[in-house]
Amino acid sequence: MEWLANLGKSTLDRFAAVGRASYVLAGSLIAVPQLKNVPLTIKQMYVVGVQSLSIIMVSGLFIGMVMALQGYTILVDYGAEGSLGPMVALSILRELGPVVTALLFAGRAGSALTAEIGLMKATEQLSSLEMMAIDPLRRIVAPRLWAGLLSMPMLTVIFSAVGILGGHLVGVEWLGVDAGSYWSIMQSTVEWNADVMNGVIKSIVFAFVVTWIAIFKGYDSVPTSEGISAATTQTVVYSSLAVLGLDFVLTAIMFGIE
Amino acid sequence: MPNETNIEYHVSITTGNSEFLVKNLIEIESLSFKRGERVIYDNISLQIPAGKTTAVMGPSGIGKTTLLKLIGGQLRPDAGDIKFKQESIPSMSRSRLFKVRRQMSMLFQSGALFTEMSVFDNIAYPLREHTQLSEALIETVVLMKLQAVGLRGASKLMPSELSGGMARRAALARAIALDPELIMYDEPFAGQDPISMGVLVKLIKELNNALNLTSVVVTHDVTEVMSIADYVYILADKRIIGAGTPEQIRQSDSDLVQQFLQGKADGPVPFHYPANTLEQEFMGAN
């Protein structure tokens, strides 16, 4: 019977965690916008956004190049290498752009957010803000949440753009696909709403989930070295799983059965 | 809601042979607090008189810091009440609690300086958050506070460049930045060298007198705190085992109090963690 009790306990713990996570989210999102938070948010956007640019651009470039290489070897058998452009563009805009950006963002910025907030908790900085009558959810957590929400869609757009250029580099420059067909068939096939905007919507959802998990795991971490290391790991694992799971759900809604 | 300025609540505290009337800033009434299954406090009551230095002593791990967090409203008691100027802290709304916290301040054990800003900005932080003072005025106030703790020359340094004692002094300057009425010190002497310790003792005493603060010092450094405290509580075993002026405490006939004051290895608090007898351990149950 012990397992039953344990099952019940872990279920209750999980519900309690969801409650605490919602509290953190509500406390930082639902607030009168304060002017003081604008420079703080911009600073965080630099940390989580601008500083993630290099990893995002390099990954985007290589993913685009690999897509073009793989696509070309398949398409050329059917003499359809002219469709390389839309193939690369659609797979990156719809799937790889939002998903890979979110996974990289979780590893690069999400883990850093968790560790930073966790350490602030361990060194009593959050408690001392509370005692100074300053709400750490508003002053520390909210700017980071907004920075993540705003940065990740932008990173996704950059990732996709660089990826398509990478596809051009391999497909057109190296393998000799006609540049005109690469771009013109892409233009006539890719749709603004169905493809580009759906990718952006996905990335907004992922940004929300990844940043929420990251700040909550930091805020809720056990303030010891083991606790923070566990929280950082959990941030990467949970956000990766959440992104992949949600991607299926979103794809089913956006591109599923008509 | 009671008018903050007009509360005159008198309680008599017997000190030596004389008895005077002291206004209490904080009153803790039959407080109980549990962490999970573990009982930290079982029905304790204590008063913190205004304008005095009150020490709360006790062995490590007894939950002395918890007491400060309860007073600051960061934790809620399971039973009992904590009154700050006659107003119950646990039953306050969050916005009211934040207002009340502006009158109190806490010096954390680690100092808790914000690592990404300079000493100057750390001390200016509460002023920038809570007041509309001009930058010029803020600079004056910050430098005055730094002067009080002897760190005016260190205002441009980052917290990582400070020694442990200096960090705690900088944190103290930040704690008095908004001129609070109550300041709570969480283990101010822990891990300090003798010189820093002397400096901190002097600062706590001087600030208390000069700014007419009420100080609560939580510590296990007996000698230091006995020299500055007006009133001492000793916590152990979930309750208060001794209370009085330092003189009364020294003369206490409680074994537990004496063991704590003199730092005896064995006594009511046993040297050995509860265990089987040695024979049982090594020779087996038979």
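Just a few scattered comments:
- Compactness of the range A:156-258 as Cα Rg over 2.2 N^0.38 Å, two decimals: 1.49
- C-alpha long axis of helix B:119-130 to longest principal axis of chain B, angle in °: 80 degrees
- Look at the stretch A:115-125: the mean tally of other chain Cβ atoms within 10 Å of its residues' Cβ atoms is 3.
- In order along the range A:29-39, phi translates into HN-Hα couplings of 8, 8, 7, 5, x, 10, 4, 4, 7, 5, x Hz, rounded to whole numbers, per the Karplus curve 6.51 cos²θ - 1.76 cosθ + 1.60 with θ = phi - 60° and x for Gly and Pro.
- The packing ranking, built from the mean of other Cβ atoms within 10 Å per residue, places the peptides A:206-215, A:24-33, A:130-139 in the order A:206-215, A:130-139, A:24-33, highest first.
- Between residue A:9 and residue A:161, the simple spin-label model (points 7 angstrom out along Cα→Cβ) gives 5.3 nm.
- Taking amide H as placed 1.01 Å from N in the peptide plane, residue B:79 has its amide H under 5 Å from the amide H of B:32, each at least 5 places away in sequence or on another chain.
- Counted over the protein assembly as shown, the DSSP beta bridges are approximately 60% antiparallel.
- Toward the positive end of the charge dipole of the range B:188-241, with +1 on the Cβ of Lys and Arg and -1 on the Cβ of Asp and Glu, the farthest Cα among B:198, B:235, B:222 is that of B:235.
- Look at the stretch B:98-105: the mean tally of other chain Cβ atoms within 10 Å of its residues' Cβ atoms is 3.
- Over chain B, Cα pairs under 8 Å with separation of 6+ residues give a relative contact order of 21 percent.
- For chain B, the longest piece that avoids every one of the GluC sites (Glu not before Pro) found in DSSP loops with at most 10 other C-beta atoms within 10 Å covers B:38-286.
- Tensor-based shape of the range B:127-206 (alpha-carbon gyration tensor, a/c under 1.5 rounded, otherwise prolate or oblate): prolate
- Overall form of chain B per C-alpha gyration tensor (a/c, 1.5; a/b vs b/c): prolate
- Pairs spanning more than 18 Å between alpha-carbon atoms, out of B:34/B:64; B:52/B:264; B:34/B:238; A:9/B:238: B:52/B:264; A:9/B:238.
- Lys, Arg +1 and Asp, Glu -1 on Cβ, resulting dipole of the range B:130-197 about Cα centre, debye, nearest 20: 180 debye
- Here the protein assembly as shown is assigned +1 on the Cβ of each Lys and Arg and -1 on the Cβ of each Asp and Glu. Its dipole about the Cα centre then comes out at about 1040 debye.
- R0 of 22 Å, Cβ-Cβ distance residue B:223-residue B:269: FRET efficiency to nearest 0.05: 0.70
- The protection proxy used here, the mean number of other Cβ atoms lying within 10 Å of each residue, ranks peptides A:119-127, B:88-96 as follows, highest first: A:119-127, B:88-96.
- Residue A:23 paired with residue B:152, simple spin-label distance in nm, labels 7 Å along Cα-to-beta-carbon: 4.5 nm
- Top positive-direction residue, dipole computed over the range A:107-190 with Cβ charges, set A:118, A:180, A:170: A:118
- A Gaussian network model of chain B, with springs between Cα atoms under 10 Å, assigns the largest mean-square fluctuation among B:165, B:111, B:198 to B:198.
- Of all lysines in the structure, the ones whose alpha carbon falls short of 17 Å from that of residue A:217, not counting any fewer than 8 places away in one chain, are A:121.
- The distance linking the range A:133-164 with the range A:199-252 is 13 Å (Cα centroid to Cα centroid, whole angstrom).
- DSSP beta bridge pairing in the range B:88-245, given as percent antiparallel to the nearest 5: 35 percent
- For the protein assembly as shown, the gyration tensor built on C-alpha atoms gives a prolate shape. Its axis ratio a/c (a ≥ b ≥ c) is at least 1.5, and a/b is the larger of a/b and b/c.
- A simple charge model with +1 on the Cβ of Lys and Arg, -1 on the Cβ of Asp and Glu and nothing else charged puts the dipole of chain B at about 760 debye relative to its Cα centre.
- 10 Å Cβ neighbours from other chains, averaged over peptide B:107-113: 5
- What separates the Cα centres of the range A:50-72 and the range B:138-184 is a distance of 49 Å.
- Rounded to the nearest 0.05, the FRET efficiency derived from the C-beta distance between residue B:277 and residue A:46 at R0 = 56 Å is 0.30.
Only the coordinates and a few stated rules stand behind these numbers; no lab work does. Remember, predicted model here, so these are calculated numbers, not experimental data. Neighbour counts are summed over all protein chains in view; Cβ atoms, including those assigned to glycine, are modelled from backbone coordinates with ideal geometry.
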